[in-house]
1. When the residues of segment 222-235 are narrowed to those that are within 14 Å of residue 399 (Cβ to Cβ) and out of contact with any helix residue (DSSP H, G or I) (no Cβ under 6 Å at 6 or more places or on another chain), which ends up most open to solvent (accessible area, probe 1.4 Å)?
2. Name the pairs whose Cβ atoms lie under 9 Å apart, with the first residue in segment 282-296 and closer than 11 Å to residue 334 by Cα, the second among the hydroxyl-bearing types (Ser, Thr, Tyr) and assigned to a helix (DSSP H, G or I), and 6 or more positions between them or separate chains?
3. Name the residue that is nearest to residue 240 (Cα to Cα), counting only residues in segment 210-221 that are open to solvent by less than 70 Å² (accessible area, probe 1.4 Å) and not hydrophobic (A, V, I, L, M, F, W, C).
4. Within the set of pairs 6 or more residues apart or between chains, which connect a residue that is assigned by the TED database to the domain that holds residue 99 inside segment 7-32 to a residue that is among the small types (Gly, Ala, Ser) and modelled with pLDDT under 85 with Cβ atoms less than 8 Å apart?
5. When both residues are 6+ apart or on different chains and their Cβ atoms are under 6 Å apart, which pairs have a first residue that lies in segment 235-250 and is under 15 Å from residue 198 (Cβ atoms), and a second that is of a type outside the set (Asp, Glu)?
6. Could you please give the count of residues in segment 101-157 that are without any contact (Cβ under 8 Å) to a residue 12 or more places away in the chain and within 30 Å of residue 274 (Cβ to Cβ)?
7. Any residue at all in segment 302-317 that's of a type outside the set (A, V, I, L, M), open to solvent by less than 100 Å² (accessible area, probe 1.4 Å) and either on the phi > 0 side of the Ramachandran plot or at pLDDT 95 or above (or both)?
8. Return only the number of the condition from (1) touching a Phe, Trp or Tyr at 6+ places or on another chain (Cβ under 6 Å); (2) of a type outside the set (Lys, Arg); (3) closer than 30 Å to residue 69 by Cα that residue 242 does not satisfy.
Amino acid sequence: VEDCLAKKMEITVSEAEKRTGRNAMNMQETYTAYLIETRAVESQSEGQCAPVDSLWRRYSEFELLRNYLSVTYPHIVVPPLPEKRADFVWHKLSADNMDPDFVERRRIGLENFLLRVASHPVLCQDKIFYSFLTQEGGWKEMVNETGFQLKADSRLKALNATFRVKNPDKRFTELKHYSDELQSVISHLLRVRARVADRLYGVYKVHGNYGRVFSEWSAIEKEMGDGLQSAGHHMDVYAASIDDILEEEEHYADQLKEYLFYAEALRAVCRKHELMQYDLEMAAQDLTSKKQQCEELATGTVRTFSLKGMTSKLFGQETPEQREAKIKILEEQIQEGEEQLKCKNLEGRDFVKSAWADIERFKEQKNHDLKEALISYAVMQISMCKKGIQVWTNAKECFSKM
């Protein structure tokens with residue numbers, strides 16, 4: 001999209017810093033702050049280097065921004081944040097959320113989140129998002145002033161809607177199944193990747209042991225010493241490259257995790273649609289009920305059993321004036337209800353149209369990203385295998401010269 005913020009502004013989360021402060025309960029806490037740097041692109045094209053603006057944000061502020069975007073744009077698949085704590089951890093890595101490697105990966109994830117929002121055709125134009133990038137003081141107050149929390153639907157209401165919608169939209173029901181399957185497949189991929197990483201670690205460890213054994217052996221063999229030492233050196237170099245490989249492995253895992261969390265963002269759009277459908281059905285039901293009451297009052301016949309009907313039988317009928325007044329009130333309520341229903345129908349149609357356009361955009365992005373990630377992973381595995389073959393070819397030459 002030509003007009004998106006990502007084209008006009010360079011956005012980076014350049015560093016992370018461990019800090020100590022006091023929380024809302026006035027208790028001391030340790031947290032990580034992230035430095036966001038922005039620079040206008042326009043002036044660079046004119047040969048001038050624009051000044052860099054920078055400010056610090058905590059993870060909780062990123063969370064507040066994402067919550068605001070999810071509530072304000074219910075029809076959009078809002079990009080997810082990286083995990084707050086290390087989940088799906090390959091067991092050789094630390095699960096501590098203050099671990100430097102984890103903090104670094106989260107820094108990259110937060111930058112990716114900002115770039116995703118800045119590249120989105122709708123979200124990039126949001127003023128609160130722009131303020132998040134450019135205004136350090138008073139930003140939280142600005143978000144809270146939007147009153148977005150009042151618009152947030154309660155979980156209980158969402159759960160109620162899920163079970164009580166009579167005519168769910170098939171497309172959204174299918175989308176919910178699709179997001180569940182996406183989450184299931186990616187969780188499985190992450191588990192398989194963890195096993196592959198474990199196996200790789202074992203292979204490299206074995207080469208490290210070979211290197212040590214050959215080096216020690218070379219010390220007691222005069223004629224074969226040089227050959228053994230050279231072979232040991234090749235093994236050591238191969239074993240030492242494991243750190244870079246595992247870093248690439250984790251980068252690939254983070255790309256998968258992003259789409260694991262995207263599945264929840266898809267479900268959020270489905271839930272919002274269910275709520276709208278539920279409200280629409282309730283409004284239609286209420287309108288039908290009022291029309292029936294009006295008809296019963298006008299004709300004097302009661303179709304359904306009601307407490308009011310029983311009361312009038314026991315204590316006598318209403319006067320014509322009372323009935324007229326009631327009919328008038330009901331007619332006004334029916335007119336209001338019809339207007340409301342019309343608005344809700346229009347709102348629902350607009351929601352479906354906008355949501356479906358964004359879901360198509362998301363699917364295109366997902367296909368592109370996951371294809372790239374899987375190809376990169378395959379290329380990485382092939383290059384590692386080639387390195388392994390080269391190590392043993394070199395070792396073979398060393399042994400042949402003995």
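The values are calculated or read from the model by the stated rules, or taken from the named source; none is laboratory data. Just so it is clear, the model here is predicted, and its values are computed rather than measured. Cβ atoms come from the backbone with ideal geometry, glycine included; neighbour counts cover every protein chain shown. Calculation scope for accessible area: heavy atoms of the full protein, side chains included, ligands and nucleic acids excluded. Shrake-Rupley method; radii C 1.70, N 1.55, O 1.52, S 1.80 Å.
1. This residue is 223.
2. Nothing qualifies.
3. Per the stated criteria, the residue is 211.
4. 28/21; 29/21; 31/21
5. 242/204; 249/197
6. 8
7. Yes.
8. So the condition that residue 242 fails would be (3).
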